[in-house]
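A short write-up of the structure that comes next.
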Amino acid sequence: MSLLQKIGLKKEEKQKSLAVLLDPDKVEMQGISVQIQEYVSAGVDLFLVGGSLISGSNFYILVEALRRQKEIPVIIFPGSNLHIHSEADGILLLSLISGRNPELLIGQHVIAAPILKNSGLEILPTGYMLIESGKPTTVSYISNTQPIPADKEDIAVCTAMAGEMLGLKLLYLDGGSGAIHPVPPKMISAVRRNSELPILVGGGINSGSKAELAWQAGADYLVIGNGLEKESGLLNEIIQVRNRLNQYVKAFN
């Protein structure tokens, strides 16, 4: 079964999932094997590797370290066409549909296409939607785009609908790295009502209560990264919320 099929099946079964995003520039590579094993033991569902700006040489090392564990898929979350490594399981082929920068709608994809074609990576075409989160983020600066205002659910809905009609397979609503506020549950709910695609949500999820609100609003996958660096107990707190929600669904279906 492909990664896309597994993600779709979880959505159909209403099972909530958690992805950990590891930024090669922020991860302390010394002791990374221990950190990875902690994530595996905790029961995360997916590893994402990447960031808006990767300036160091840790990208390839981190992907290879993650692949040494065999249980959890490793998917690249690319910031540019340079972030490709055939050792990963797949790559989010991101189209920044919330912006109007042609390089991030199709330009980078054209350059990367021949490499991706021969990489063996599973391609996951993803509509990436940047949502206003309280302050300018690295992704808004690097991408030279404006985020969708947090109170404009109608814009988010129409953007998601267009992405689905264009044939994209996933939607990723992101507040960006270091977001002050998470994507509003009201916006997630509006997108969920109007799209059949699996929804990933990231940025600003720094508590179990915020995670629960996002999942209950309709997110299928939550993506956490920065929060784990600041709060040691956050991972287990969110895992407990996920397990409780999934057990409830199983009990009443």
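The values are calculated or read from the model by the stated rules, or taken from the named source; none is laboratory data. Every value quoted in this text rests on a predicted model; they were computed, and no experiment measured them. Cβ coordinates were reconstructed from backbone atoms using ideal geometry, including for glycine residues, and neighbour counts include every protein chain displayed.
Pairing residues of the stretch 72-89 that are assigned to a loop (DSSP other than H, G, I, E, B) with residues that are of a type in the set (S, T, N, Q), at Cβ distances under 8 Å and at least 6 apart in sequence or on separate chains, gives Gly79/Ser52; Ser80/Gln108; Asn81/Gln108; Ile84/Ser119; Ser86/Ser119. Counting residues in the stretch 28-46 that are buried (at least 21 other Cβ atoms within 10 Å of the Cβ) and among the small types (Gly, Ala, Ser) gives zero.
In the stretch 39-71, the residue that is farthest from Glu122 (Cα to Cα) out of those that are in a helix (DSSP H, G or I) and touching a residue at least 60 places away in the same chain (Cβ under 8 Å) is Ala42.
When the stretch 90-100 is filtered for residues that are without any contact (Cβ under 8 Å) to a residue 60 or more places away in the chain and touching a helix residue (DSSP H, G or I) at 6+ places or on another chain (Cβ under 9 Å), the ones remaining, listed by number, are Ile91, Leu93, Leu96, Gly99. Take Leu22 and tell me if it is more than 17 Å from the chain's Cα centre (by Cα) and among the hydrophobic types (A, V, I, L, M, F, W, C). In short, no.
Would you confirm whether or not the stretch 1-23 contains a residue that is part of a loop (DSSP other than H, G, I, E, B), touching a Leu at 6+ places or on another chain (Cβ under 6 Å), at pLDDT 95 or above and not small (Gly, Ala, Ser)? Scanning the stretch 1-23 turns up at least one residue that is part of a loop (DSSP other than H, G, I, E, B), touching a Leu at 6+ places or on another chain (Cβ under 6 Å), at pLDDT 95 or above and not small (Gly, Ala, Ser).
Screening Ile115 on (1) more than 12 Å from Gly203 (Cβ to Cβ); (2) part of a loop (DSSP other than H, G, I, E, B) shows it passes everything except condition (2). What number of residues in the stretch 48-93 are β-branched (Val, Ile, Thr) and in contact with a Lys or Arg (Cβ under 8 Å, 6 or more places away or on another chain)? Of the residues in that region, 1 qualify. On the basis of being in contact with a helix residue (DSSP H, G or I) (Cβ under 7 Å, 6 or more places away or on another chain) and among the hydroxyl-bearing types (Ser, Thr, Tyr), does Ser232 make the cut? Against the criterion (in contact with a helix residue (DSSP H, G or I) (Cβ under 7 Å, 6 or more places away or on another chain) and among the hydroxyl-bearing types (Ser, Thr, Tyr)), Ser232 does not qualify. Could you list, in sequence order, the residues of the stretch 128-158 that are within 24 Å of Lys10 (Cβ to Cβ) and surrounded by 20 or more Cβ atoms within 10 Å (Cβ to Cβ)? Those that are within 24 Å of Lys10 (Cβ to Cβ) and surrounded by 20 or more Cβ atoms within 10 Å (Cβ to Cβ): Tyr128, Met129, Ile131, Ala156. When the stretch 98-135 is filtered for residues that are of a type in the set (Asp, Glu) and under 22 Å from His85 (Cβ atoms), the ones remaining, listed by number, are Glu103, Glu122. Residues that are over 25 Å from Ala150 (Cα atoms) and surrounded by 19 or more Cβ atoms within 10 Å (Cβ to Cβ) do not occur anywhere in the stretch 206-213. Got a sec? Which of Ile142, Ile75 is modelled with pLDDT of 95 or more, within 19 Å of the chain's Cα centre (by Cα) and under 17 Å from Ile54 (Cβ atoms)? Result of the check over Ile142, Ile75: Ile75.
Among residues of the stretch 112-127 being of a type in the set (Val, Ile, Thr) and within 20 Å of Gln5 (Cα to Cα), the one that is nearest to the chain's Cα centre (by Cα) is Thr126. Taken together, the residues in the stretch 164-189 that are farther than 24 Å from Thr137 by Cα and of a type in the set (Gly, Ala, Ser) amount to 1. Ser86 meets the stated requirement of being surrounded by fewer than 15 Cβ atoms within 10 Å (Cβ to Cβ) and either closer than 16 Å to Val183 by Cβ or of a type outside the set (Val, Ile, Thr) (or both). In the stretch 217-242, which residues are without any contact (Cβ under 8 Å) to a residue 40 or more places away in the chain and either under 28 Å from Glu28 (Cβ atoms) or out of contact with any Ser or Thr (no Cβ under 9 Å at 6 or more places or on another chain) (or both)? Selection gives Gly227, Lys230, Glu231, Ser232, Gly233, Leu234, Glu237, Gln240, Val241.
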